1. Please give the peptides 26-38, 278-290 ranked by average Cβ packing (other Cβ atoms within 10 Å per residue), highest first, as a rough proxy for protection.
2. For GLY97, what is the net charge nearby, where nearby means another residue's Cβ is under 12 Å from its Cβ and Lys, Arg count +1, Asp, Glu -1?
3. Sorted from fewest to most neighbouring beta carbons within 10 Å, what does the list CYS179, CYS48 look like?
4. Distance in nm between label sites at SER260 and SER180, each 7 Å beyond Cα in the beta-carbon direction?
5. Which of the three applies to segment 132-269, rounded, prolate or oblate, going by the alpha-carbon gyration tensor with a ≥ b ≥ c and a/c under 1.5 meaning rounded?
6. About the Cα centre, and with charges only on the beta carbon of Lys, Arg (+1) and Asp, Glu (-1), how big is the dipole of the chain? Nearest 20 debye, please.
7. Once label points are set 7 Å from the Cα along Cα→Cβ at both SER90 and ASP280, what is their separation, rounded to one decimal in nm?
8. Would you order SER132, SER253 from fewest to most other beta-carbon atoms within 10 Å of each residue's own beta-carbon?
Amino acid sequence: MRAVVQDRYGSDPDAVLAVAEVARPAIGADDVLVRVAAAGVDMGTWHCMTGMPYAMRLTGFGLRSPSALNPGRGLAGTVEAVGSSVSSLSPGDEVYGSGDGSFAEYASVPADQLARKPWNLTFVQSAAVPISGATALQALRKAGTQPGQRVLVIGASGGVGSFAVQIAKAMGAVVTGVCSTPKVDFVEALGADRVVDYLVEDVDDGSQEYDVIIDIGGSRRLPDLRRALDPRGTLVIVGGETGGRWLGGFDRSLRAVLISPFVGQTLGLLASTEEAASLDDLRGMIESGQVTPAIDRTFPMADVAGAVRHVEEGRPRGKVVITI
């Protein structure tokens, strides 16, 4: 089969990522072989490609070179074969989910990380959901989001943020999205009740407080975020993109966890999980029309380098997807 391959870390996707002929993956008893139609791209792809921050290499990604030879994770496609212990899916089923090596014609995926794809989405739209949509859903649930609460989504125009705005609205929240000037119209179209252009307005000046802050932007100081948070509010930090080589912003998340027990606010980080349960819940929201994946652009697998570069430069409105 054709697949993207990577045998070393590096910041130049043209130098690190290539398409080659490789063996089709084998499946275990609990796995599913998926014929991939499309695969999502996010900042996690860039981190896997570069091996940065360095701390991630200690968590199983490989110290000197990547342990996984393909940085893709989110996917949508058709079940080709199932392992002997799998009864929930059958060949021919259309699915979406996440697993190692999704930038390929076939991928071996644990059955418990797959769900039937929404009937009203294309494969391209479905591939945008598993990583970013599940992360947004889990972040809002971790925050205990309730109807009527004031929710601030920082980084509302990106992959996770575009889902967070819609899911928070589906939960009945009053949503404010933060983005840059060129993306204000896009975030308004997602359904945000209010949009703050951070190039014009300082959202953390203390003039307005929020019950829940979902911070996907990753660069604001913790004291500034707390100033925008209600005294009994909840902050959930999703990732961190401060550019630090060793922790890459994760130090801010650690400080939030350490401070939280000593203040009235609840401060924490999200460690998202890849699971079928979140995908099933998202499918309900999608099929009911409450959530629709926002696709910024698609790239062919041959131009995976262009797709990763587009995401890393912060250009997308919504998700970037590779077609296989």
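1. Details: 26-38: 19.9, 278-290: 17.5.
So the peptides 26-38, 278-290, ranked by packing, come out 26-38, 278-290.
2. Neighbour charge sum, excluding GLY97 itself: -4.
3. Final ranking by Cβ density, sparse to dense: CYS48, CYS179.
4. 3.1
5. Rounded, since a/c falls under 1.5.
6. 400
7. Placing both labels 7 Å beyond Cα along the Cβ direction yields 1.9 nm.
8. SER253, SER132
Taken together, the values in this text are just the output of simple stated rules run on the coordinates, not laboratory data. Remember, it's a predicted structure, so these values are computed and weren't measured experimentally. Don't worry about glycine lacking a Cβ; one is built from the backbone with ideal geometry, like all the others, and counts go over all protein chains shown.
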